[in-house]
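Let me give you the structure first, and then I'll get to my questions.
The values are calculated or read from the model by the stated rules, or taken from the named source; none is laboratory data. Just so it is clear, the model here is predicted, and its values are computed rather than measured. Because the Cβ atoms are built from the backbone with ideal geometry, glycine has one as well, and the counts that use them run over all protein chains shown. Quick note on the areas: whole protein, heavy atoms, side chains included, nothing else; ligands and nucleic acids left out. Shrake-Rupley method; radii C 1.70, N 1.55, O 1.52, S 1.80 Å.
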Amino acid sequence: MKVKRLKHSKRVLSFYEKNFSFRKPYNVLVDGTFCQAALKGKVDILLQVGKYLGGEINVATTHCVLRECFQLGPTLSGAHKILKKFKRHKCGHENAALDAASCMSAMVGGGNVEHYIIATQDTELRKQLRAITGIPLLYLSACTLFLESPSYESRDIARRVSSNRTYSLTTRRKL
Ligand SMILES: [Zn+2]
């Protein structure tokens, strides 16, 4: 793995650690599209994502993701097999399943309290999640893992929070 790529992921992760309290081991939430791409590109998710993100990760999925993947039939049966190996985090839709993308969105709704890194090839979902702050996005591009740089929204909120922090420190000093 190229040093430059590792430096990039380290930089992105330290942004999320500093501004959104992400800590190791990172929680990576995967969907069927990501598993399918990993299978196609012969990427061992636990091993390679772990290496790319600096070692310690928990990989999980949800009931809805598994269900949708299973329903899509033989084309995604390989991805379904991979998904089944991961922990299933409770999404709260066990009785009335959502489509995978809506479920992933719901898992990071309300401020991404579980600090999930979302691993998906779904461009529409990634676009939607970029608008919400504090959600690292991971995907495979030509069989290579890539952690997106923080979105404008995430950088903007981090900038505002840190300028507030400076402001309150200066005010406190003056008092
Ligand atoms: Zn769900």
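Can you list the residues, at least 5 places off or on another chain, whose amide H is less than 5 Å from the amide H of I117, using H built in the peptide plane?
N27, V28, L29
Can you give the extra length, in nm with one decimal, that the chain gains between L39 and I157 once fully stretched, where that is 0.36 nm per residue apart less the Cα-Cα distance? Mind dumping the intermediate values first?
Working: separation 118, 0.36 × 118 = 42.48 nm, distance 3.59 nm.
Taking 0.36 nm per residue and subtracting the Cα distance, the gain is 38.9 nm.
So, one more: Averaged per residue, what accessible surface does the stretch 9-120 expose to a 1.4 Å probe, in Å²?
Result: 51 Å² per residue.
Quick one: pull the percent of accessible area on the chain belonging to carbon and sulfur, 1.4 Å probe, ligands and nucleic acids left out.
55
Could you check what % of the DSSP bridge pairs in the chain are antiparallel, to the nearest 5?
Here the antiparallel bridges make up roughly 25 percent for the chain.
Quick one: Karplus J couplings for the stretch 117-129, per residue in order, coefficients 6.51, -1.76, 1.60, θ = phi - 60°, nearest Hz, x for Gly and Pro?
In residue order, the calculated couplings are 9, 8, 10, 8, 9, 6, 5, 5, 5, 4, 4, 5, 6 Hz.
For S77, project a label point 7 Å along Cα to C-beta. Then give me every residue of the stretch 37-66 with its amide nitrogen under 18 Å of that point.
Only 37, 39-40, 66 fall inside the zone, counting backbone N under 18 Å.
Using a/c under 1.5 as the rounded threshold, could you call the stretch 1-150 rounded, prolate or oblate? The axes a ≥ b ≥ c are square roots of the C-alpha gyration tensor eigenvalues, and prolate needs a/b larger than b/c, oblate otherwise.
Note, shape of the stretch 1-150 comes out oblate.
Mind listing the phi-derived Karplus ³J(HN,Hα) values for the stretch 92-102, rounded to whole Hz, using 6.51, -1.76 and 1.60 with θ = phi - 60°, and x for any glycine or proline?
x, 10, 4, 8, 9, 4, 9, 6, 3, 5, 5
Once you measure Cβ to Cβ distances between cysteines in the chain, which Cys have no partner under 4.7 Å?
C35, C69, C91, C143
Once amide H atoms are built 1.01 Å from N in the peptide plane, which residues 5 or more positions from F22, or in another chain, come under 5 Å H to H?
Under 5 Å from the amide H of F22: E17.
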